[in-house]
Amino acid sequence: MQAKKRYLLVSVGACSLLLAYLCGLQIGEFHSQNRAALYGLSQVPSFPPRWPEWVDPPLQTYLGEAEQEEDGPLLLHQHTSPRERREIQKNIYKSRRCRMDTCFDFQRCERGFKIYVYPPQKGEVPSESYQKILAAIEESRFYTTDPNEACLFVLSIDTLDRDQLSAQYVHNVRARIQSLPLWYEGRNHLIFNLYSGTWPDYTEELGFDIGQAMLAKASTDMDNFRPHFDISIPLFSKDHPQKGGDKGFLNLNNVPPLRKYLLVFKGKRYLTGIGSETRNALYHIHNGDDIILLTTCKHGKDWEKHKDARCDRDNEEYTKFDYQELLHNSSFCLVPRGRRLGSFRFLEALQAACIPVLLSNGWELPFSEVIDWSKAAIIGDERLLLQVPSITRSVGSDRILALRQQTQFLWDAYFSSVTKIVLTTLEIVHDRIRTHMSRSRQMWNSLPGGLYALPEFSSDLSLFPFYYSTLGKSPPQEFTAIIQALTPLQSQQQPIFKLIHAVAKSKFCVQILVLWNCEKPPPPRNKWPSITTPFSIIEGKRKTMSGRFYPHQAIKTDAVLSLDEDSVLSTNEVDFAFIVWQSFPDRIVGYPARSHYWDSGKGRWGYTSKWTNEYSMVLTGAAFYHRYYHHLYTHYLPMSLLSMVDQLANCEDILINFLISAVTKLPPIKVTQKKQYKETMMQQGSKASRWADPDHFAQRQSCMNSFTSWFGFMPLLHSQLRLDPVLFKDQVSILRKKYRDIERL
Amino acid sequence: MCASGKYGSRGPALIPRMKTKHRIYYITLFSVVLLGLIATGMFQFWPHSIESSAEWSLDRRSVHDAPLVRISVNSPIPGRGDLSCRMHTCFDVYRCGYNPKNKIKVYIYPLQRFVDEVGVPISSTGLSREYNDLLSAISDSDFYTDDVSRACLFVPSIDVLNQNSLRIRETAQALAMLPRWDKGMNHLLFNMLPGGPPDYNTALDVPRDRALLAGGGFSTWTYRQGYDVSIPVYSPLSAEVDLPERQPGPRRYFILSSQTAIHREYRVELERLKDENGEALLLLDKCSNLSQGLTSVRKRCYKGQVYDYPQILQESSFCVVLRGARLGQATLSDVLQAGCVPVIMADSYILPFSEVLDWKRASVVIPEEKLPEMYTILKSIPHRQVEEMQRQARWFWEAYFSSMKAIGMTTLQIINDRIYPYAAHTYEEWNNPPVVKWSSVNSPLFLPLIPPRSPGFTAVVLTYDRIESLFRVITEISKVPSLAKLLVVWNNQNKSPPEESLWPKVAVPLKVVRTKENKLSNRFFPFDEIETEAVLAIDDDIIMLTSDELQFGYEVWREFPDRLVGYPGRLHLWDHEMGKWKYESEWTNEVSMVLTGAAFYHKYFNYLYTYKMPGDIKNWVDAHMNCEDIAMNFLVANITGKAPIKVTPRKKFKCPECTAIDGLSLDQTHMVERSECINKFASVFGTMPLKVVEHRADPVLYKDDFPEKLKSFPNIGSL
């Protein structure tokens, strides 16, 4: 009985297994048939779902043996030599097919990147915008008045507006350009343009032959754009500031980052002609709720003649919303093409931290050669307008946060003033001229931006103070001390001796340099303290104040400790400040702090050395900072400021604070200190000290104002905190503390 | 089949223990089942095998089986490529559609053998091994579709990798015969060797209408930026030779030239450089005395000395890649594989994948004219950077050059990025090698901002049932000028919060949120009620903090809005004996964490904590009712790469008499648990993100000899 049951069970089991298997096959077959039917494959057996493996005959490599020979020298030598080929190319690829290789004379730039601006045309006043462009060039470190040493030439003829219907249109450009003695078919010339072509087609026609000149043009069309030769610049209004420029609107990062509106636009609608299509279609995605796209037909003289059915309703809606309100409260801003490809909306959105959604097919984006726009904008396709809402909705919060911050960085780095736009244009050309010493994409697209990151310093990013964390590195644990010596050595009691001993004892100090800025010849090595740390004396070529920030070859470490000869510091203090600097390698970290304030009575900036609850400068009489700032100080700042500092023999420390705060957008860092530095010295009225000079203070005041005017804004920022050792002045045993000397008086 | 296989393997073990009768029965049954299976299988396959062969045996086929297509002489020829083509003019984006995956669909035409009227094939090689590899890689990828009607991009199976093996006119005619050709719209051709003697055009000479060209030797004049894709010239040696990656560093030679087909003019220049700089340069050429054949490709010679190629490339820091008749050179691939930094001298050449790859990080480009200056230029590059470039070069090869698959996938991804630009790979994704991706920190709050003071901060008080001390905390905090709102997170489900009238009267809005579960993570929940960016997390027993201390803490947060700015400082230490991390709450000279019992931070981190905490940390914290503060420190340090900031000397928070370790922290097991947390979190994060610092933030005039009443924050407690 039991056995029977078992047999039965097993048989049933086996049968059901068989059935299941059969069913499985059936279902599988059904599926494949179904699929085949669906895709219409069953009739065409040669459409495989996957690429087959071809086994017979064995496949040959594409690079046959013959290929090697073909490229071989024998065959090659029958043809033109490379030198001849280059010459031929230069003759073929001209005008519209210009490239740097064929239309640019690199030899002119061998003595440096200098720019010459033609003298102004008699009796002619260029437009406001063009005046700003020329002024920006003339104030830059590239400007030269000598055409013979120039690498690049800029016209004094205003070519910004080439719309024949415009009041700014300059006539006879063609003839006037041809008559320029240095024109050479436009070689090494840079031509600026904002508006080209005219109603109704708005082509890229300039109305004169630019020949081999480079074109820096707004609203550039990819079709006419000569890659790596022309430069696409942003369209800016005549009110765009010459220098400094307004800040971006973002002052804190909101989370969640979505704002009241998702997408906004407010602008003209063109009823006819080029560029009308996209704006005419905007109403399809306007929903009156979080997508606010407003257009008006009310512009131009005879708009009513062309007005369509929607005009009245559109015009009414248009007046209901305030543009600024929309800008401030929207996550995305639509930037559709206007008559031309670029529009003012672009820079407005960028400044407002409203992520631009670009709908302008064929637009070569501003500075596209160096700026990675995908990090700051959504690049759409005019043909896919209807997808814009779902695309913008699909952007995640983290991405919005990142895009928004990037708009602010780009705005501030390259667009907020005419000077920045012009300098960016020039630096792009500069980078092309010395390709092996040019900025990398990271330098252009991350803080502090390409204008502050000079590639001459190094092509190695890890040598800059800005990129440690993105490279996954930290600053090396060593520094160089530079002591500026102004007074001759007389006695062993001089503060400089103590100072050298104290600094040399720091385990992070790998090098001490004395910058001998004294008229007398430097004393021999044996007159100096005997220390084991490498010690050397360098003599500036010009014994000037700016010399202290000269990028001396002798400085080998990233960190620099800058010292005055009369600074009083203990080893503890030096060590602690250096440890702090490692956390803030892009800032000045030091002891004596000063502050600036707005003197509303006098309408200018004031300087104070009083003890206050906040500070904005840390003096370089005792401060750590990155070596790169020596380079930036010497090569970025204009001669006018540097010579001012030299003449006054004052203010160099203020200037470097201005510079570093302009770069980092952050205040310096003050660390604690045993004694109040310098104040004591001043009271003693040490004869040698320049601090005793009564004019000294007034000079510093006026320095501040000169610096502010060159920068175009006040870069200094206040801080209310001081960094102390963790157990500073705590009521715990002194033995527990690492930095004991700082507390001892 | 699988089921029966299992039976078979079990059978022998069972059978010996059974009676013979049973055994016979089982064997019979088993055979019947097996036979049944075989029979059904035969039935399934046999009768249909001819029509369904494509479905079932597609794997291996003969090229001869591909259908033969005869091209008539008058068959239409496509127009020449349009130089003005751009994605928005020549590419039909509607075919790609909007899809949530943001992935284009690619269709591959089935293989056909095209011949002219007299039966001569249009190509001397037919389908090459490389093109076959490329097509099968595409067909194995996510891009592939076998549905021609859903495709956005079409890839012909006509192999045009090497123009020399093609009959131009007939190839063009064959292209035009493709069923979906439609003026080449959305068609992608792959070509590595364009042009032919004597002029060597830099783009494929086959007329192709609007088809996109993935080409291996574009010059700036033939490359349609944003439309074509510049691809490498694949080196078959990549598959043949296995060169293990070498550590970056100085090499035996400084510059090496290995190309055999260098123009005489350039060879003279190189020899002059060698004369000037001696041993630093190695100029190799073809071996004249070796017997021809496969080996000659793998050998190079200098003055009779024979070197193995490409192995010798690993012995040099820089390797010269000069243009030949064509701009694109397969040598580039070999050089990258060897981790040698290519020195590219090919004017007007569009470097492979230059649309996305930053060649500045992996190569040196020098104008041909500057060849004599090569040595000086290369010498000016810092060593550290050369090493970076060596690493980068090797990585470019691995990711983008090493196989036809890599080349094909990169090309498709580039096109995909253009069609869905808002979902495109970033510069970092394309260019950072894994080691950099892993170690680099890109803070989500990267913009240097000092937020305005005016919005103030929201204090979030986590409480369970300590009403009295809670009210004291509320009263204290309410004196802080910048307080904007008080949020009490009521974590006790068994007890209701006190009536409204009992709460202390405060000037700012006070809101109580009741939680569903008593979880520690509730304190970091991004409540909608938090309307300011600054959050002060505070425990309900922190009664010692003064209004000045709190206001100062807020000011410090404004200067460091991307950091944790808090009062109780803690440290993690490496315990050498135990070989693991240890938690330290003694008053030390260092700080690596600030506890969220009293800390300011950006609201953003609430989102991160709640939604982006890696691994199971969040649940772990809730289950253990401990370490939420340590987890927050890990999270912030990991994403920003920055240390927290301890503010003011304050070390006692609950009562003046309290020791350093108070309340919960007294418990020894608690301390052990906190050490465990650190070890646990470090293993989840895969690294120790915490950063140790030796500073704390005090008001500028703290303890300075200065009238107290003139100080902004006079009331800073000493301990």
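Of the residues that sit in region B:194-219 and are over 16 Å from B:GLN329 (Cα atoms) and under 31 Å from the mean Cα position of the chain (by Cα), which one is farthest from the other protein chains (Cβ to nearest Cβ)? By that ranking, first place goes to B:ALA211.
State whether the residues of region B:353-364 include one that is at the interface with another protein chain (Cβ under 10 Å from one of its Cβ atoms), part of a helix (DSSP H, G or I) and in contact (Cβ under 8 Å) with a residue 40 or more places away in the chain. Yes: one or more hits. Here A:ARG383 meets each of (1) part of a helix (DSSP H, G or I); (2) within 13 Å of the chain's Cα centre (by Cα) with one exception, condition (2).
Scanning region B:301-323 for residues that are in contact with a Phe, Trp or Tyr (Cβ under 7 Å, 6 or more places away or on another chain) and not hydrophobic (A, V, I, L, M, F, W, C) gives B:GLU315, B:SER316, B:SER317, B:ARG323. Go through the residues of region B:222-229 one by one and say whether even a single one is assigned by the TED database to the domain that holds B:SER288 and among the aliphatic types (A, V, I, L, M). No, region B:222-229 has no match at all. Do we have A:PRO465 as within 24 Å of A:TYR414 (Cβ to Cβ) and in contact with a strand residue (DSSP E or B) (Cβ under 6 Å, 6 or more places away or on another chain) here? In short, yes. Condition check for B:VAL461 on (1) buried (at least 17 other Cβ atoms within 10 Å of the Cβ); (2) under 30 Å from the mean Cα position of the chain (by Cα): one failure, at (2).
Residues in region B:453-480 that are within 14 Å of another protein chain (Cβ to nearest Cβ) and either assigned to a strand (DSSP E or B) or touching a residue at least 60 places away in the same chain (Cβ under 8 Å) (or both): B:ARG453, B:PRO455, B:GLY456, B:PHE457, B:THR458.
Taking region B:666-719 as the range and being away from every other protein chain (no Cβ under 12 Å), in contact with a Ser or Thr (Cβ under 6 Å, 6 or more places away or on another chain) and buried (at least 20 other Cβ atoms within 10 Å of the Cβ) as the test, only B:LEU690 passes.
May I ask you to list the residues in region B:232-243 that are within 13 Å of another protein chain (Cβ to nearest Cβ) and either surrounded by 16 or more Cβ atoms within 10 Å (Cβ to Cβ) or part of a loop (DSSP other than H, G, I, E, B) (or both)? Reasoning before the result, please.
Pass one, region B:232-243, residues within 13 Å of another protein chain (Cβ to nearest Cβ): B:232-240.
Residues satisfying the conditions are B:PRO232, B:VAL233, B:TYR234, B:SER235, B:PRO236, B:LEU237, B:SER238.
For region B:383-420, a residue qualifies if it is touching a strand residue (DSSP E or B) at 6+ places or on another chain (Cβ under 7 Å) and either assigned by the TED database to the domain that holds B:VAL365 or among the β-branched types (Val, Ile, Thr) (or both), and the qualifying residues are B:VAL386, B:MET389, B:GLN390, B:ALA393, B:THR411, B:ILE414, B:ILE415. Inspect region A:355-365 for any residue being over 16 Å from the mean Cα position of the chain (by Cα), within 23 Å of A:ASN224 (Cβ to Cβ) and more than 14 Å from chain B (Cβ to nearest Cβ) and give the result as yes or no. No, the conditions are met nowhere in region A:355-365.
Given the structure, is A:GLU325 more than 20 Å from A:VAL388 (Cβ to Cβ), out of contact with any strand residue (DSSP E or B) (no Cβ under 6 Å at 6 or more places or on another chain), at pLDDT 90 or above and not β-branched (Val, Ile, Thr)? Step through it out loud before you land on a result.
Values: more than 20 Å from A:VAL388 (Cβ to Cβ): yes; out of contact with any strand residue (DSSP E or B) (no Cβ under 6 Å at 6 or more places or on another chain): yes; at pLDDT 90 or above: yes; not β-branched (Val, Ile, Thr): yes.
Judged against the criteria, A:GLU325 is a match.
The residue of region A:177-210 that is surrounded by the most Cβ atoms within 10 Å (Cβ to Cβ), among those that are over 24 Å from B:ARG224 (Cβ atoms) and in contact with an Asp or Glu (Cβ under 6 Å, 6 or more places away or on another chain), is A:ASN188. Picking from A:PHE47, A:PHE106, which residue would you name as being at pLDDT 90 or above, over 30 Å from A:GLY245 (Cβ atoms) and facing chain B (nearest Cβ under 9 Å)? The match here is A:PHE106.
In region B:244-335, counting only strands (runs of 3 or more DSSP E) that sit wholly within it, the ones holding 2 or more residues that are aromatic (Phe, Trp, Tyr) and surrounded by 15 or more Cβ atoms within 10 Å (Cβ to Cβ) span B:253-257.
Looking at B:GLU368, B:GLU373, can you tell me which residue is within 23 Å of B:HIS263 (Cβ to Cβ), in contact with a strand residue (DSSP E or B) (Cβ under 8 Å, 6 or more places away or on another chain) and of a type in the set (Asp, Glu)?
Numbers: B:GLU373 fails: in contact with a strand residue (DSSP E or B) (Cβ under 8 Å, 6 or more places away or on another chain).
From the options B:GLU368, B:GLU373, the qualifying one is B:GLU368.
Which residue out of A:ARG310, A:ARG279 is free of Cβ contacts under 8 Å to residues at least 60 places away in the same chain, farther than 30 Å from B:PHE560 by Cβ and either touching a helix residue (DSSP H, G or I) at 6+ places or on another chain (Cβ under 6 Å) or surrounded by 19 or more Cβ atoms within 10 Å (Cβ to Cβ) (or both)? Checking each option against the conditions leaves just A:ARG279.
If you go through region B:484-505 and pick out every residue that is in contact with a Lys or Arg (Cβ under 9 Å, 6 or more places away or on another chain) and in a loop (DSSP other than H, G, I, E, B), you end up with 6.
The residue that is nearest to B:SER230 (Cα to Cα), counting only those in region B:291-350 that are modelled with pLDDT of 90 or more and of a type in the set (Phe, Trp, Tyr), is B:TYR349.
Checking each residue in region A:599-650 for being β-branched (Val, Ile, Thr) and not in a loop (DSSP other than H, G, I, E, B) picks out A:THR608, A:VAL618, A:THR634, A:VAL645. Within region B:587-603, the set of residues being more than 32 Å from the chain's Cα centre (by Cα) and under 29 Å from A:ASN251 (Cα atoms) comprises B:LEU595, B:THR596, B:GLY597, B:ALA598, B:ALA599, B:PHE600. Where helices (runs of 4 or more DSSP H) fall entirely within region B:554-658, those with at least 2 residues that are crowded, with 21+ Cβ neighbours inside 10 Å, away from every other protein chain (no Cβ under 11 Å) and in contact with a strand residue (DSSP E or B) (Cβ under 7 Å, 6 or more places away or on another chain) are at B:628-640.
The values are calculated or read from the model by the stated rules, or taken from the named source; none is laboratory data. Please read these numbers as outputs of a predicted model, since none were measured by experiment. Note that we place each Cβ from the backbone using ideal geometry, even for glycine, and neighbour counts take in every protein chain shown.
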